[in-house]
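Engineer: Quick one: the structure is below, and I'll ask about it shortly.
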Amino acid sequence: MLNSGDSTYPVDQPRLHIKGGYSLAGEVRISGAKNSALVLMAGALLADDTCYLRNVPALADIGRMAEILQAIGVTVKEQSDGIEINAQDLNATNPPYALVSQLRASFFAIGPLLARLGVANVPLPGGCAIGARPVELHVRGLQALGAEVIIDHGVVQAYAPKLKGAKIYLDYPSVGATETLMMAATLADGETVIDNAAQEPEVVDLANFCIAMGAKIYGAGTNSITIVGVDRLHGTEYDIIPDRIEASTFLLAAAITHSEISLAPIIPGHLTAAIAKLEEIGAKIKLEGPQRLRIIPAETYSGSDIETLPYPGFPTDMQSLFMSLLAVSKGNSLVSETVFENRFGHVPELNRMGADIRVKGNHAVIRGVPFLSGAPVMGTDLRATAALVVAGLAAKGETIVHGLQHLDRGYEAIEIKLGQLGAKLERRGGVTQPVKC
Ligand code: EPZ
């Protein structure tokens, strides 16, 4: 195995070479939310008409989702400022396993397929680096809506001549299950109530998109959502919300490099937890306009405790990003990951950079160190890899971040945006290969 600055990584693997210690300045444009765009692309299948989604981020996963929709008879045209989707000729063929196996979000098609065609055959999404990712809450909810569902040879086969509204209680406020069942219920006979529903902003974005198509949805953003079924949904145009996790990533990049930057567009209400935690440990966040924030860093940060929870609790997707900053904050911190069972993949890599973090079960105890040192590191999942980039921006010397196939799923041109802010980093090696999660 040839080395790329370290004897353990193949020379051609795509990687980011980051020179740490440079401060950032200026303003960064936040892209549309990945976790909205993917589910809204599936939601467009509910209409037998043309939908136009704007502010769609240019991500690997978006391209894959487009391919999957095209494989089931949907016309998808990627335009300069968005995506045009027409599902008039939607069919229930099995999308190719090679495609759907790379993208968990392909499972979002099951609700609309059932609602539109009465039948759906969608491969069971397997687990990924951060956990088993089961879908029993989706399946049980669809059965409550009157679908017959069997899982045969790794494919979820669902059948329902006409879905019927039902009262559904989710054992866990699953984002995906809430979205699947909300979509399915829009065309069901009668009223559906989803209790213990997820309240994430992306759930609200999907509800607003479906309402724009003519759906009757009430209570999205609370833990109880009511959907009154209608006969059909029509096409619409829709602007996707800004990505709150990308915004948090840039807030942490600024905080850890002691930089002042502005971010826009953002929705302040979607960043409450991140802002509160950053201010608790010493940063200042100023609202510069209805959709624009500015972060003022601290000289030194104090440690703090974090427990990830369903929204509006502290978002699990921000856990690894904050851990990079807590690693160089004064004092001890305790991070508890309660949403996914294996979301500390960034810890051993941060420790290779000189962090002092010990994991016990779903808790990580962090002892702040004065600085991190650059090293070759391997990203294991999307947000773990982002945390290593954030750490590399502040580390002494060069950090070589591998695992860009994860990063490219969730960040639009992150090295270009960081470079425009003054970071010194360069992408080298081949193109990234698809990865599922
Ligand atoms: C969505 O995943 C996001 N992905 C994730 O973002 C995010 O971390 C997660 O919500 C939580 O906010 C997309 O929206 C595409 P869940 P999802 O169903 O819907 C368990 C990122 O980095 N569960 O709320 O899969 C599950 O195993 C990604 O952008 C069941 O047990 O999340 C997990 O432990 C990562 N049974 C917990 O619930 C089910 O049927 C939360 O999962 C469904 C979920």
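The values are calculated or read from the model by the stated rules, or taken from the named source; none is laboratory data. Because the structure is predicted, anything quoted here is derived from the model rather than measured. Here the Cβ positions follow ideal geometry from the backbone for every residue, glycine too, while neighbour counts run over all protein chains shown. Calculation scope for accessible area: heavy atoms of the full protein, side chains included, ligands and nucleic acids excluded. Shrake-Rupley method; radii C 1.70, N 1.55, O 1.52, S 1.80 Å.
Engineer: Strictly greater than 21 Å: what percent of every Cα pair in the range 282-368 meets that?
Structural biologist: Taking all Cα-Cα pairs of the range 282-368, the fraction more than 21 Å apart is 35 percent.
Engineer: Past 32 Å, Cα to Cα, is the threshold; run K19/K77; K286/K360; K34/K167 against it and keep the listed order.
Structural biologist: K19/K77; K286/K360
Engineer: Antiparallel DSSP bridges in the chain: what percent, to the nearest 5?
Structural biologist: Here the share of antiparallel DSSP bridges comes out near 70 percent.
Engineer: Given the options I266, I62, I416, state which has the largest fluctuation in a GNM of the chain using a 10 Å cut-off (strictly under) for Cα springs.
Structural biologist: Of I266, I62, I416, the Gaussian network model singles out I416 as fluctuating most.
Engineer: Determine the share of the range 168-327's accessible area contributed by carbon and sulfur atoms, expressed in whole percent, with a 1.4 angstrom probe. Could the numbers behind the result be given before it?
Structural biologist: Working: 2670 of 5210 Å².
Roughly 51 percent of what the probe reaches on the range 168-327 is carbon or sulfur.
Engineer: Shifting gears a bit: Calculate how steeply helix 201-212 sits against the longest principal axis of the alpha-carbon atoms of the chain, using the helix alpha-carbon long axis, and give the answer as 0 to 90 degrees to the nearest 10.
Structural biologist: 30 degrees
Engineer: Over what distance in Å are the Cα centres of the range 79-106 and the range 360-437 separated?
Structural biologist: 29 Å
Engineer: Per-residue ellipticity at 222 nm for the chain, helices alone: DSSP H runs ≥ 4 residues times -39500 (n - 2.57), over residue total, nearest 500 deg cm²/dmol?
Structural biologist: It comes out at -8500 deg cm²/dmol, rounded to the nearest 500.
Engineer: A further question on this structure: Compute a Gaussian network model of the chain, connecting alpha carbons closer than 10 Å, and tell me which residue from S329, S23, S80 fluctuates the most.
Structural biologist: S80
Engineer: Would you kindly give the portion of the calculated P(r) for the range 181-272 that falls above 20 Å, as a percent of all Cα pairs?
Structural biologist: 47 percent
Engineer: With labels modelled as points extended 7 Å from the Cα through the Cβ direction, what inter-label distance (nm, one decimal) is found for N342 paired with N91?
Structural biologist: With each label placed 7 Å out from Cα toward Cβ, I get 3.7 nm.
Engineer: From the P(r) of the range 92-212, can you give the percent of Cα pairs sitting at distances over 23 Å? If you can, show how the numbers build up before the last one.
Structural biologist: Values: 1786 of 7260 pairs.
For the range 92-212, the share of Cα pairs beyond 23 Å comes to 25 percent.
Engineer: Non-local amide H neighbours of G374 (under 5 Å, H modeled in plane, Pro and chain starts lacking H): which ones?
Structural biologist: For G374, whose amide H was placed from the backbone, the distant partners under 5 Å are K396, G397, E398.
Engineer: Where a ≥ b ≥ c are the square roots of the eigenvalues of the C-alpha gyration tensor, would you call the range 353-436 rounded, which needs a/c under 1.5, or, failing that, prolate if a/b is larger than b/c, or oblate? Don't jump to the answer; show the numbers that get you there.
Structural biologist: Numbers: a/c = 2.12, a/b = 1.31, b/c = 1.62.
Judged from the Cα gyration tensor, the range 353-436 comes out oblate (a/c at least 1.5, b/c at or above a/b).
Engineer: Could you sort the peptides 140-152, 199-211, 160-172 by per-residue average Cβ neighbour count (10 Å cutoff), highest mean leading?
Structural biologist: So the peptides 140-152, 199-211, 160-172, ranked by packing, come out 199-211, 140-152, 160-172.
Engineer: I would also like to ask the following. With N denoting the number of residues in the chain, provide Rg(C-alpha) divided by 2.2 N^0.38 Å, to two decimal places.
Structural biologist: Output field value: 0.98.
Engineer: In Å and on Cα atoms, what radius of gyration and Dmax does the range 1-137 show?
Structural biologist: 18.8, 57
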